[in-house]
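Each remark here refers to the structure printed beneath this line.
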Amino acid sequence: MTGEKTSKRVFRIGYQTSIITVFVGVVLLVGLTLVYLSFERVTAITRTAASGFIEKVAQLGADHIDEQFKNVRDNLDILSGLPPIQEADIADNTRLYSLMAAMLRNNPQLFNLYVGYEDGSFIEMDVIDRAQPSFRKGLNVDEDAAFRLVVISRTAGAAPVTQYLSENLIQVAEVAGPASYDPRQRPWYVEAFKNDKTLLTGPYVFYATGEPGYTLRTPLREGRRGVIAGDLLLNRFEDMLAEQKLGQSGLAFLFNDAGRIVGHPEMNRLMAEIPERQDDLPQIGALRLPALVPVIRSWRDGGAAQQFFADASGRTYVAAVHRLETAGSANIRMAMVAPLDEFYAQIIDERRTLFALALAFVGATLPFAFWLGSLMAQPLRKLADETDAIQRFEITERPRVHSVIAEIEELGRSVFTMRSVVRSFASFIPRQIVRQLIETGSSLSLGGSRREVTVLFTDVADFTAKTERADPSQVMIHTSRYFAVLSDEIMRHQGTVDKYIGDAVMAFWNAPADDPDHTVNACRAILACLAANEALNKEFRREGWPPYDTRFGLHVGDAVVGNIGSSDRMNYTALGATINLASRLEGLNKNYGTRVLVSAAVRASVGDRFLFRSVDSITPKGFADAIEVSELRGELAHADEAEVAMCRRWDEVFAAIAQDGAAETTRVRLSGFLHDYPKDSVALFHAQRFRSAARNAGAAA
């Protein structure tokens, strides 16, 4: 090996050098980044930026809504300057109606425009579909009706009339009234003269729709005394406020001094949640942000207009409050709320642009770093997979991992050697023991413990006669194939193969690993071994090799299980009377002509999951009490009715044998059974026993 290394002169890079190089590179990059901008600094910058940014956004949002109000005010000013409005020339004035309709079309936030005079005259034009659907339904008008025009002209002396106009201002319908409506009694009219410093009145419930909203109004400056106004329904604020949304989950809403929400992107939903008072407005608590209420209270008490708070889940929000200038004494405020982490993400995105300059500085070293990282990562990943596979006891042959890095090359050789050692080790020690040693990291030590185990012994019938004249090498090959087949089925059913004794196999269950169904698994393993043995015998016959007919003995009981031997050579096995009885049961198969004999303890342990039949009652050497012996015939769920019927009938015959011995009635029942099953070996055994007993009794007489 040394000569091979010397002749090849393979270039190796020291593992320590490569690790230091990568480490220094990572520390350089991460360290400079952390020095430049630590986490605490990021948090501070984020809060400062978020506070300033949301204040600007709130101001812009408030300005935008103010602009919407101002647009309405400008339209009111234009309308108030028209001679027909100043002179109350409102009856049959199609040019005035056209102008009002055009203003409504250009101001989608408006529900209507109207003018009230001191003599009770009144004109109003509504956009029907800007109210709730129930408004149109209550009017009971044709679908072509787009506008509702109400004219009450006290000057002309005409009766009040309500007209429904199409989109092109063609009359669709006309009804009389409303006769009882007096604009001078409405809040917007009264407050316009009391307080001309504010543009807004409300919120209050509109007469026409029954919905809450605000009125933008201003007194007429010239001509007849009166008030010109327009209504904004609260639900129209939804679209206006949705446009002010900040980020993906931000929120903008309007509130008043009473702590009521007067505008929200989902105002209809909030209003629907307070059905008991349809004329009321939802409180700020309806936003399900409990911490926001103290923030607004703090701002009212002179606190900062921008504050931070956390919701119930711990998510941090930033909030800003800004006054609407056009609201005047209505004292309407806009609140802007957004999660801080969305600002943080935005700052991170902005910061990446700045980081690009620093990354470009060290970018020249990246190709080398990637090459070195790949050089180390690929073989190390393979070695990690190798060691994980060994820990999972997947020890099949795999190619050795190579690397140009000397230490990784040596590590690959060590892992390859370890796999070979574990594979060889597992050939001499039960795999469960090896797996347990690998998983726990413990070492083998002498000693044992008492526990319940299910013990199996097998033996090949007439093995010596079948193989004594055969080629020894062929005997070893075919016997090894036989052991492999049985061992695979035993281990597949959670069994531990203890040892091979000539042509016999000793195995047990529930050790070293716990197995609550160990007796059931042992019975299933025997049935699987029988099937596998039969398949192997077919191959042996085709190859001209004598079949191996296996006999099984199974018993469950307490035994001492552990490592015995010396510190230099030990064996994991089980000792005790349970093991001796299992061995005796295997040998008894020859007497009864059976393949599988089990003890009464096995039969009792598995219950009715398997099909058994009683064979005999024996008293083995070293046992004080007699032991019932049964034959395992198969799994009950898979047994056919004829097989089940045969076993039940035999058990009835056996019960008679056990109770009455060789009585005449018993002999008759046994003869009847043999008449139907003439080749049954167990029945023939008991018949022969009766005949022998009869002959001995006759000779004694």
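The values are calculated or read from the model by the stated rules, or taken from the named source; none is laboratory data. A quick note: this is a predicted structure, and the numbers were derived from the prediction, not measured. All Cβ positions, glycine included, derive from the backbone under ideal geometry; neighbour counts span all protein chains shown. We work out accessible area using only protein heavy atoms, side chains counted, and drop any ligands, DNA or RNA first. Shrake-Rupley method; radii C 1.70, N 1.55, O 1.52, S 1.80 Å.
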Legend entry - Pair list, Cβ under 8 Å, 6 or more apart: region 96-109 residue of a type in the set (A, V, I, L, M, F, W, C), other residue part of a helix (DSSP H, G or I): L96/P84; L96/I85; L99/L79; M100/L79; M103/N75; M103/I78; M103/L79
Inset, instruction - Considering only region 134-198, give the strands (runs of 3 or more DSSP E) lying wholly within it that have at least 2 residues that are in contact (Cβ under 8 Å) with a residue 40 or more places away in the chain. - result: 147-152
Inset, instruction - Only residues in region 615-640 that are open to solvent by 80 Å² or more (accessible area, probe 1.4 Å) count as the first member; pair them with residues that are part of a loop (DSSP other than H, G, I, E, B) and of a type outside the set (D, E, K, R), Cβ under 6 angstrom, at least 6 apart or cross-chain, and list the lot. - result: T619/A626
Inset, instruction - Please enumerate the residues belonging to region 573-596 that are farther than 14 Å from P620 by Cα, of a type in the set (A, V, I, L, M, F, W, C) and crowded, with 19+ Cβ neighbours inside 10 Å. - result: A574, V596
Inset, instruction - Filter region 146-180 down to the residues that are over 20 Å from L233 (Cα atoms) and within 58 Å of the chain's Cα centre (by Cα), then identify the one that is surrounded by the most Cβ atoms within 10 Å (Cβ to Cβ). - result: S166
Legend entry - Of all residues in region 505-546 being in contact with a Lys or Arg (Cβ under 7 Å, 6 or more places away or on another chain) and assigned to a loop (DSSP other than H, G, I, E, B), the one that is surrounded by the fewest Cβ atoms within 10 Å (Cβ to Cβ): P546
Legend entry - Neighbours by Cβ (under 7 Å, 6+ apart or cross-chain): first from region 669-688, farther than 18 Å from N591 by Cβ and of a type outside the set (V, I, T); second part of a helix (DSSP H, G or I) and open to solvent by less than 80 Å² (accessible area, probe 1.4 Å): R669/V653; R669/A656; F673/W650; F673/V653; F673/A683; Y677/M646; Y677/A683
Inset, instruction - Among the numbered conditions (1) within 44 Å of the chain's Cα centre (by Cα); (2) crowded, with 19+ Cβ neighbours inside 10 Å; (3) closer than 29 Å to L216 by Cβ, tell me where A305 comes up short. - result: (2)
Inset, instruction - Would you mind stating whether A291 is more than 30 Å from R413 (Cα to Cα), modelled with pLDDT of 65 or more and surrounded by 19 or more Cβ atoms within 10 Å (Cβ to Cβ)? - result: no
Legend entry - Residue check, L96 touching a Gly at 6+ places or on another chain (Cβ under 9 Å) and either open to solvent by less than 70 Å² (accessible area, probe 1.4 Å) or assigned to a loop (DSSP other than H, G, I, E, B) (or both): no
Legend entry - Complete set of residues in region 547-572 that are of a type in the set (V, I, T) and open to solvent by 10 Å² or more (accessible area, probe 1.4 Å): V556, V560, I564
Inset, instruction - Select from region 107-133 the residues that are in a helix (DSSP H, G or I) and at pLDDT 90 or above and list them in ascending order. - result: I128, D129
Inset, instruction - Search region 452-465 for residues that are touching a residue at least 40 places away in the same chain (Cβ under 8 Å) and open to solvent by 20 Å² or more (accessible area, probe 1.4 Å) and pair each with any residue that is outside any strand (DSSP E or B) and of a type in the set (A, V, I, L, M, F, W, C) when their beta-carbon atoms are under 8 Å apart and the residues are at least 6 apart or on different chains. - result: F457/A582; F457/L585
Inset, instruction - Take T218 and decide whether it is surrounded by 15 or more Cβ atoms within 10 Å (Cβ to Cβ) and at pLDDT below 70. - result: no
Legend entry - Unique match (being within 28 Å of V151 (Cα to Cα), out of contact with any Ser or Thr (no Cβ under 7 Å at 6 or more places or on another chain) and modelled with pLDDT under 80) among D239, D279: D279
